[in-house]
Amino acid sequence: MKVYLDNNATTIVDPLVFTEMEPYFVQRYGNPNSLHVFASDTHPGIKTGMEKIYAGIHSPREDSVIITSCATESNNWVLKSIYFEYILTGKKNHIIISEVEHPSIIATARFLESMGCKVTYLPINHEGLIDAQTVEDSITDKTALVSVMWANNETGAIFPVQEIGNICEKHNVLFHTDAVQAIGKTPVDVQSFNVDYLTFSAHKFHGPKGVGALYMKKGKELMPLLHGGAQMGGYRSGTLNVAGIVGMGKAMEQAIDALDFEMSEIREMRDNFEDELLKIEDTFVVTPRNKRTPNTILISFRGIEGESMLWDLNRSGIGASTGSACASEDLEANSVMEAIGAAEDLAHTAIRFSLSRYTTQDELDYTLNVVNAAVLRLRGISSSYAYAPEGHESGLDSHHH
């Protein structure tokens, strides 16, 4: 059986999305900025796609949603523009992010530090959550921007973005949230939350790869990161990715339609699967379920290296991960595990299972059997598990009668 449980890394393109995109590759292929019929053929698709994207995040028409190549570009754009407009000019010198942001925020912040910007990295607590009060405590009169993700890619933890937004508004500090993991999993509404900038990426909610967006509140527009031919109102030059816009719009519409299903059916499947996983001795899940996106489990199996577990899962046709795909090249301890202060023997043992609306109960049952077998095999050969503390059944004795 092939089972895909790595939906926080990327998702299957919804077949309806694919169907809607298809005409824009070979039939309606004009450059939207040209002045002939080939160009104007693409305009209705772009208009419809953009309308669906605006509607999906409840953005008023006077605010801007700019199409980018991905959320990494959108995140870079926000931080680097803030640097050019506020920090380079000497108006401000400080930004605040969380210590568990996506690498596209963390790496950009580190780069800006090398350019003289001060960065505060907010800690998360033992539940993997940020306390909004730490944001308020970190703000100074030199703070230009707070950037805190809406939902964490590894744990699924939903951060208190509404509270943080209100704090930023009170202190007249700009607020950006990376909502990549939130769309289609929890309601995202830029009007009821005080958000100046919001970023997302189509491939996380069953749209195509290579297309993302940046929402900017009216009056808070950023300096362009890409200069050139004045597309997107001059905010982002470059020929429009017409098929991508069409696809992201349709995927957004589908994700909003499926939100109730995600928050009830998928959540229930996830919870039951998690209950079964937690029956395995010496397992540990970060972040309480009611404070998490409905599709995500980050679970540690004491005594088992995450990479070893992935190997066993992969051999059985199951795709999962040890956290963020963007960081899986470097086999360091899981950053969230380190951040919540997990013991050294747990920091390398985290496995992330992330479901989607295409996940079936049969797939989860199969996965559970494979996990159980893998735990027996890997604990049987684990040096760290063999010498378990007093009161534990030894991993060796209990499973190898």
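Solvent-accessible surface of protein heavy atoms, probed at 1.4 angstrom with all chains present, puts Cys168, Cys70 in the order Cys70, Cys168, largest first.
On the beta carbon distance between Leu278 and Lys220, with R0 = 56 Å, the FRET formula returns roughly 0.80. Ligands, DNA and RNA left out, the accessible area of the chain computed with a 1.4 Å probe is 53% carbon and sulfur. If you average the C-alpha positions of the range 250-275 and of the range 128-157 separately, how far apart do those two centres end up, in angstrom? Result: 26 Å between the Cα centres. Considering only Gly380, Gly247, Gly228, the mean-square fluctuation computed in a Gaussian network model of the chain, springs between alpha carbons under 10 angstrom, is largest for Gly228.
Remark: accessible surface ordering of Lys218, Lys204, Lys2, Lys291 (largest first) is Lys2, Lys218, Lys291, Lys204, probe radius 1.4 Å.
Spatially close Lys pairs in the range 32-134, defined by Cα atoms under 15 Å apart and a spacing of eight or more places or different chains, total 5. For the range 170-225 versus the range 1-33, the spacing of their alpha-carbon centroids is 21 Å. Subtracting the Cα-Cα distance of Lys291 and Asn172 from 0.36 nm times their residue separation leaves 40.1 nm of extension gain.
Within the chain, the whole DSSP H helices whose Cα atoms reach 24 Å or more along their own axis and whose mean Kyte-Doolittle score is at least -1.0 are 361-380. Here the simple spin-label model places points 7 Å from the Cα toward Cβ, and for Asp141 and Asp271 these points are separated by 5.0 nm. Subtracting the Cα-Cα distance of Phe38 and Gln361 from their residue separation scaled by 0.36 nm leaves 111.6 nm. Computed packing ranks the peptides 85-91, 17-23 as 17-23, 85-91, most packed first, by mean other Cβ atoms within 10 Å.
Taking every protein chain into account, the 1.4 Å probe leaves Ser104 with about 10 Å² of accessible area, to the nearest ten.
For the chain, set up a Gaussian network in which alpha carbons nearer than 10 Å are linked by springs, and say which option among Asp137, Asp178, Asp257 fluctuates the most. Between Asp137, Asp178, Asp257, it is Asp137 that shows the largest mean-square fluctuation.
When semi-axes √(5λ) of the Cα gyration tensor in Å is calculated directly from the model, which label among (1) 39, 27, 17; (2) 33, 25, 21; (3) 30, 26, 22 fits? Comparing each candidate, only (1) matches the computed number. Taking each DSSP H run with n ≥ 4 as -39500 (n - 2.57) and averaging over every residue of the chain yields -10500 deg cm²/dmol at 222 nm.
In straight-distance terms, cross-link reach from Lys218 covers every one of the aspartates and glutamates whose alpha-carbon lies under 12 Å from its own, apart from those fewer than eight places away in the same chain; here that gives Glu62, Asp63, Asp196. Within the listed set Ile53, Ile299, Ile340, the residue fluctuating most in the Gaussian network model of the chain (springs between alpha-carbon atoms under 10 angstrom) is Ile340.
The values are calculated or read from the model by the stated rules, or taken from the named source; none is laboratory data. Just so you know, these numbers come straight off a predicted model, no measurement behind them. Please note: Cβ atoms are built from the backbone with ideal geometry, for glycine as well, and neighbour counts cover all protein chains shown. Just so you know, the surface numbers come from the protein's heavy atoms only, side chains and all, with ligands and any DNA or RNA stripped out. Shrake-Rupley method; radii C 1.70, N 1.55, O 1.52, S 1.80 Å.
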